[in-house]
Every structure is written in C-alpha cells, then in structure tokens.
1. Residues that are at pLDDT below 95 and within 23 Å of Y158 (Cα to Cα): find the helices (runs of 4 or more DSSP H) completely inside the range 173-286 holding 2 or more of those.
2. Regarding the range 173-181, can at least one residue be identified that is basic (K, R) and free of Cβ contacts under 8 Å to residues at least 60 places away in the same chain?
3. Of the residues in the range 132-159, how many are out of contact with any Ser or Thr (no Cβ under 8 Å at 6 or more places or on another chain), crowded, with 24+ Cβ neighbours inside 10 Å and more than 26 Å from A11 (Cβ to Cβ)?
4. I'd like to verify a number: residues in the range 223-252 that are farther than 21 Å from Q196 by Cβ and either open to solvent by less than 30 Å² (accessible area, probe 1.4 Å) or of a type in the set (K, R) (or both), how many?
5. Which pairs have Cβ atoms under 6 Å, sit 6 or more apart or on different chains, and link a residue in the range 33-47 that is open to solvent by 40 Å² or more (accessible area, probe 1.4 Å) to one that is of a type in the set (G, A, S) and part of a helix (DSSP H, G or I)?
6. Is at least one residue of the range 82-90 surrounded by 18 or more Cβ atoms within 10 Å (Cβ to Cβ), of a type in the set (A, V, I, L, M), modelled with pLDDT of 90 or more and closer than 14 Å to V121 by Cβ?
7. Tally up the residues in the range 160-193 that are open to solvent by 30 Å² or more (accessible area, probe 1.4 Å), among the small types (G, A, S) and either farther than 29 Å from A226 by Cβ or out of contact with any Asp or Glu (no Cβ under 9 Å at 6 or more places or on another chain) (or both), please.
8. All but one of (1) open to solvent by less than 60 Å² (accessible area, probe 1.4 Å); (2) more than 24 Å from S76 (Cα to Cα); (3) modelled with pLDDT of 95 or more hold for G313; state the number of the condition that does not hold.
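The values are calculated or read from the model by the stated rules, or taken from the named source; none is laboratory data. This one's a predicted model, so the numbers in the text were calculated from it and none came from an experiment. Here the Cβ positions follow ideal geometry from the backbone for every residue, glycine too, while neighbour counts run over all protein chains shown. When the accessible area is computed, the model is the full protein with side chains, heavy atoms only, and any ligands, DNA or RNA have been set aside. Shrake-Rupley method; radii C 1.70, N 1.55, O 1.52, S 1.80 Å.
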Amino acid sequence: MSFVRLTDVAARAGVSPGTVSNFFHNPSRVAELTAERIRAAIDDLGYVPNDAARALRRRETKLIGHLAFEVANPYSAEFVRAFDREARALGYTVLNVSSEGDHELQRTLIETFVRQRVDGVLLTPTGGVGETVDVLKGHGVPVVLTDNLDGAAPAVAYDDRLTGRLAAEHLVNLGRRKIAFVGNRDGVEIIARRLQGVRDVLAGVPDSSLEVVDLETRSVASGRVAAQRLAALTPDRIPDGIVAVNDPVGIGLLNVLSHRVRVPEDVAIVGIDDIEFAAEAVVPLTSVARPIDDFAAQSLRLLHSQIHGDATGGERSLVVLEPRLIVRESTVPGTAT
C-alpha cells in the first residue's frame, strides 16, 4: 500500500481510529492485548507515524488545503475567493480543490494534502466525515469543517435550519399556503437542514402543504427544469410560494415561471445565499443571505488558531452564523432593491 493511514491500522487491528490514536499519544488508556494487535497491524502494513512531518509542520509550510464540496455555483466560487483573500493576509497560500460530492475523490485529495504537508485543512465534507478527520489528525494536520454540525472537528457553519425557517415564515406571512421546496438531494446535510426549517414552520400552519422537488444539481438550468415540472402539476398542487435551495435554482425558476404566471402575485419565490445575480434577476429575487466575508474570516481565524496549537485560543470550536432575509420583488411587489 503506497499510503497507509491510521484508519487502515485500526481496521487491521479491529479497533477504532481513536484507539490507535491513543496507542501513540495516550498509551496508558490502551489495554495490553489491544496494544499488541495494534503493533502487529503497524508491522504488517508498514505504517509510520508522521512525527517528523509534524515537527516540520511546526515551522509551517504556509500552505492550507481547502477541499470544497463543489465550486460550480457562484456562492462557492465567491467563498473560495474570500477565503483565499483572508489567508493571504496571514501569509498563507491556499490549495483549492473540490470533491464534487464524491467520497472517493475526497479521500484521494485529503491524501494529497497530507503529502504536500499542508499546515491545515478547511473541509466541506461529503460522507465519511469521522474517517476523514481521523486521517488528518493521525498525520498531525489540523482541520476545520464548514457547513457541518456533527462535532467531528471544529467547525464554522450557518444556521441553515434557521435559513429554511426565515424563507418559509416570509411566505406564510404573505398568506402563501401551498409551498414547494425545490432542490432537495438526499444525503446532503446542509439541504436537509434547510428543508427541516421549512417543515418546522409549516407544521404550525394547519392549512399549509409542502411539495418537495428533488434535483441532482443546483443550477439555473435545474431551476428551469423544476419550473416545468411544477407547471405540469394539477391545479390543486401548483404552489403559490417556493423556497429554492439556492439562488441559481431560484433564478431558473423565475426565468420560466415569470413568462407563465405573475410573480409574485400568483407565486412568490425565495432563494438562498443572496449572490450578486439575485438582485439582477428578471424579477429581483428575495433571498436568505449567508454573508460570505464573515463566513470566510471566521473559517480562517479558527483554522489559524488550530494550526498554532491553540485548541481554544479564545475561539469556539463551533461557530454558528445567522442568516438574514433580503426582501425583493419576487415576493413583495414594488420592493426597492
């Protein structure tokens, strides 16, 4: 095996990655029989704890690995630019890559970061979060997660359940009751949280209904496809309010629906992220903003403190940011933009 990870040793020994980590760093916590199995696995696999690399890292390579979930959508691209700007201000160079939601590609890219001896990694994970974090920790690489709340590592995230609630509350307060959530994709936690926020609101509105529209991608083209599907629904199911999973999907919906119905009189549409193009849409798009500059600054600040061995450094291990609603003409006619 060309690249042996701590998790490989754990699997061979039949123990958890945390137990292998304790074998190296807290041996008194590992029973002798368990320790013997771990030693045998280390010998069989040729695993070498990267203490030398860890020592070198203390001198800093000034490289940070940033592994995004995707970079095709405008919000992700803007985050890359903002994070890169924040990192340069502290003297770092950022290696930006994307897993495109592929767990195996994520694994490969993480291994590349380890070989490059990056000082730390900012990760928006796709599956296998605990395993990925254990690999990095096993090689002494600090890691900070974005948009992840499972506690596997320090993290910065927006409250996306609140994001969904803000969008749904706005529509309900406008008298909309037949709501659609467009852009669901199973297995993506950030989307699941947004959808749950919508469900939270509608659960308290007895005469409301929810139509969930799944999409493989979250793009303008996908929004157009979703609009065609919604337009084909029976009259009793056609929504009068739509929450789009992000602004590109919302713009795609607007591009089609504004030629078929009155927006917002017949159907009101809310996007998420408040990208630059939201205000420039054919009908300016109401959106739940997740400001990028603060997100990038908080992410870099937390990672920088981890790199310098300051587990707390006055920083919280979980930083949760609050979104805010920006109202435009896709929900309220005559709204100033």
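1. Because the criterion is at least 2 residues that are at pLDDT below 95 and within 23 Å of Y158 (Cα to Cα), the helices (runs of 4 or more DSSP H) in the range 173-286 that meet it are 189-202.
2. no
3. 1
4. Selection size over the range 223-252: 9.
5. Correct list of pairs: R37/A13.
6. Yes, the range 82-90 contains a residue that is surrounded by 18 or more Cβ atoms within 10 Å (Cβ to Cβ), of a type in the set (A, V, I, L, M), modelled with pLDDT of 90 or more and closer than 14 Å to V121 by Cβ.
7. 1
8. (3)
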